[in-house]
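See below for the structure under consideration.
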Amino acid sequence: MLKDIILKRRSVRKYKDKEVDREVLENLLMYASMGPSNGNSHPVEFVVVDDKEKIQKLSEMNSFATMYLAGAPAIVIVIANTEICKTWVEESAIAASYLQLLCEEEGLSTCWINVVEGKTQDKTDYKEYFKNEFGIKEPYRAACLIPIGYKRMGTKDHEEFDISSKVHYNEF
Ligand SMILES: Cc1cc2nc3c(=O)[nH]c(=O)nc-3n(C[C@H](O)[C@H](O)[C@H](O)COP(=O)(O)O)c2cc1C
């Protein structure tokens with residue numbers, strides 16, 4: 001049930017040394033692309049990084065936030081064509097969220113690193129960095145990194161909570 005998957009999904013930053021099957025991942029990426037999309041434009045694409053040297057390179061992008069990526073067997077760079085759709089950040093977030101839940105159902109764990117705006121540790125704009133290192137150039141932009149792998153340790157499930165203070169009826 002979807003609710004169980006949502007309860008189980010937690011951000012995982014330590015992965016087993018076990019490959020993620022490309023075919024399995026491609027199937028999940030196909031489902032992740034089936035969310036709502038502005039004008040049915042579907043601007044989101046994916047760069048799957050499963051080459052060890054490239055993963056190491058990504059992990060060195062930022063001094064703290066990306067360090068743990070070195071141990072991930074695969075990292076999906078969620079990218080979007082900004083020319084065909086102004087809402088590319090939202091579209092990318094929808095696909096990434098779907099992907100996280102699909103991975104969870106498949107027994108795979110994930111996390112999220114936002115790369116819409118910012119600079120690498122050597123002060124290169126993310127936009128420039130992804131162009132130079134991964135060939136992601138205009139009109140494409142990278143939105144987030146989703147590391148994917150089999151978790152090394154157990155995680156604590158989310159719990160249901162009282163949402164009433166965050167739900168407003170008819171006015172705020
Ligand atoms: C937009 C966004 C940016 C995030 N950035 C990072 C990040 O840079 N590094 C990281 O380890 N986790 C990052 N996370 C994951 C959050 O830390 C995590 O989702 C949050 O602590 C809640 O924990 P949970 O995912 O286990 O429910 C990010 C999540 C989102 C949605």
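The values are calculated or read from the model by the stated rules, or taken from the named source; none is laboratory data. Please read these numbers as outputs of a predicted model, since none were measured by experiment. Cβ placement follows ideal geometry from the backbone for every residue including glycine, while neighbour counts extend to all protein chains displayed.
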When you check E91 against the structure, is it charged (D, E, K, R), crowded, with 22+ Cβ neighbours inside 10 Å and modelled with pLDDT of 95 or more, yes or no? yes
Residue check: is T155 in contact with a Cys (Cβ under 9 Å, 6 or more places away or on another chain) and in contact (Cβ under 8 Å) with a residue 60 or more places away in the chain? no
Which of the residues spanning the range 94-125 are touching a strand residue (DSSP E or B) at 6+ places or on another chain (Cβ under 7 Å) and not in a loop (DSSP other than H, G, I, E, B)? A95, A96, L99, Q100, C103, S109, T110, I113, N114, K119, D125
Please specify each residue of the range 11-25 satisfying the condition of being of a type outside the set (S, T, Y) and within 16 Å of the ligand (Cβ to nearest atom). V12, R13, K14
Where a residue in the range 51-74 is of a type in the set (A, V, I, L, M, F, W, C) and its partner, wherever it lies, is assigned to a helix (DSSP H, G or I) and surrounded by fewer than 16 Cβ atoms within 10 Å (Cβ to Cβ), with Cβ under 6 Å and at least six apart: A70/Q56
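Looking at V24, V47, V20, which one is within 17 Å of the chain's Cα centre (by Cα), part of a strand (DSSP E or B) and within 29 Å of C85 (Cβ to Cβ)? I'd like the intermediate steps shown before the answer.
Numbers: V24 fails: part of a strand (DSSP E or B); V20 fails: part of a strand (DSSP E or B).
Residue meeting the stated conditions: V47.
Out of all the residues in the range 50-69, which are in a helix (DSSP H, G or I) and within 11 Å of the ligand (Cβ to nearest atom)?
Just the residues of the range 50-69 that are in a helix (DSSP H, G or I), to begin with: 52-59, 67-69.
Result: M67, Y68, L69.
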